[in-house]
Amino acid sequence: AAEVGAAGLMVIPRLLSRGISQAAQAEHFASVLSAAPSLPAVIYNSPYYGYQTKAGLYGELRAKYPNLVGFKEFGGAESLSYAAEHITSSDDGGLLLVGVDTQVYFGFIRCGAKGAMTGIGNCLPREVLQLVKLCRRAAKGDPDARRFAQELDEALAVLSKFDEGPDLTLYYRRIAAETIDPVYQRPALSSDRLSPSQEAYAIDQLRLFQAWWKDWPGKSFG
């Protein structure tokens, strides 16, 4: 029903029986939120769950549960735009968080996102934190920050795209083994492995990004 993070809960929809019923989803979210009223929570919206939380239900839950502080959107640009237009831009709409790596720039600049949860950020923390920093400055109108943010977003495009596929954890464990600690190369299950082609492609793209980053002037901007 929920994932526990450092800052609180990410609450996913009900996935099994009655998953498309708004009444069932309302009861599900209310049960989770009321069970931990002092713990900040965000609704985790994703097309993979088969249910999209819309403005009406979110607004009702926000009114009843002060611990519901925001909305993590894993969908693409259209979903982020909907969340910004109909949910989080109101005075009491809470925080919009980008939940998919490929939409960080779009989410901050075009949708007013206040934070991001990324997969590649676990492998390249310095670089992704710089992207977020640049996006925040660009969202305030800084043209140089916007240009650098676009450049960095484009350079990360392939590595970020892995977040949209079913093998995302395998890709990011393999990349983290190169950038953080070799222990991450060990699979959680022996059958969970990238193909030789996938692995070579991921490492080639990582090396290309690292070579670009080494001499990129935007890494020290701001």
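Roughly what angle does helix 55-64 make with the longest principal axis of the chain, taking Cα atoms, 0 to 90 degrees, to the nearest 10? For helix 55-64, the angle is close to 70 degrees.
Computed from the Cβ-Cβ distance with R0 of 45 Å, the FRET efficiency linking LYS219 to ILE20 stands at 0.50. Determine the distance separating the Cα centre of the range 20-68 from the Cα centre of the range 80-117; give it in Å without decimals. Their Cα centres are 17 Å away from one another. Using the rule -39500 (n - 2.57) for each DSSP H run of four or more residues, divided by the residues of the chain, the 222 nm mean residue ellipticity is -14000 deg cm²/dmol. Of the solvent-accessible surface of the range 74-222, computed with a 1.4 Å probe over protein heavy atoms with every protein chain present, carbon and sulfur atoms account for 51 percent. Computed from Cα atoms, the angle from the helix 143-155 axis to the main principal axis of the chain rounds to 80 degrees. Between the residues TYR51, LEU96, PHE148, the greatest Cα displacement towards the positive end of the dipole of the chain, with unit charges on the Cβ of Lys, Arg, Asp and Glu, is found for LEU96. With axes computed from alpha carbons, what is the tilt in degrees of helix 196-214 against the longest principal axis of the chain, rounded to the nearest 10 within 0 to 90? Relative to the chain, helix 196-214 is tipped by roughly 80 degrees. Find out how many positive minus negative residues lie around LEU124, taking Lys and Arg as positive, Asp and Glu as negative, among other residues whose Cβ is under 12 Å from that of LEU124. It works out to a net charge of -1. Accessible area per residue for the chain is 52 Å², calculated with a 1.4 Å probe on protein heavy atoms, without ligands, DNA or RNA. Surface listing: MET117, MET10 arranged by accessible area from highest to lowest gives MET117, MET10, probe 1.4 Å.
The aspartates and glutamates within cross-link reach of LYS64, meaning a Cα-to-Cα straight distance under 15 Å and a gap of 8 or more places when in the same chain, are GLU27, ASP92. Using the structure shown, select from LYS114/LYS214; LYS114/LYS140; LYS54/LYS114; LYS140/LYS219; LYS72/LYS114; LYS54/LYS140 the pairs with a Cα to Cα distance greater than 21 angstrom. Pairs exceeding 21 Å: LYS114/LYS214; LYS54/LYS140.
Amide H to amide H distances under 5 Å link ILE12 with ALA2, GLU3, TYR44, where only residues 5 or more positions off or on other chains count and H is placed in the peptide plane. Computed extension length for SER81-ALA211: 43.4 nm, one decimal, from 0.36 nm per residue of separation with the Cα-Cα distance subtracted.
The values are calculated or read from the model by the stated rules, or taken from the named source; none is laboratory data. Just so we're clear, the structure is a prediction, and the values are computed from it rather than from any experiment. Note: ideal-geometry Cβ built from the backbone for every residue, glycine included; neighbour counts use all protein chains shown. Ligands, DNA and RNA are excluded from the accessible area calculation, which covers all protein heavy atoms including side chains. Shrake-Rupley method; radii C 1.70, N 1.55, O 1.52, S 1.80 Å.
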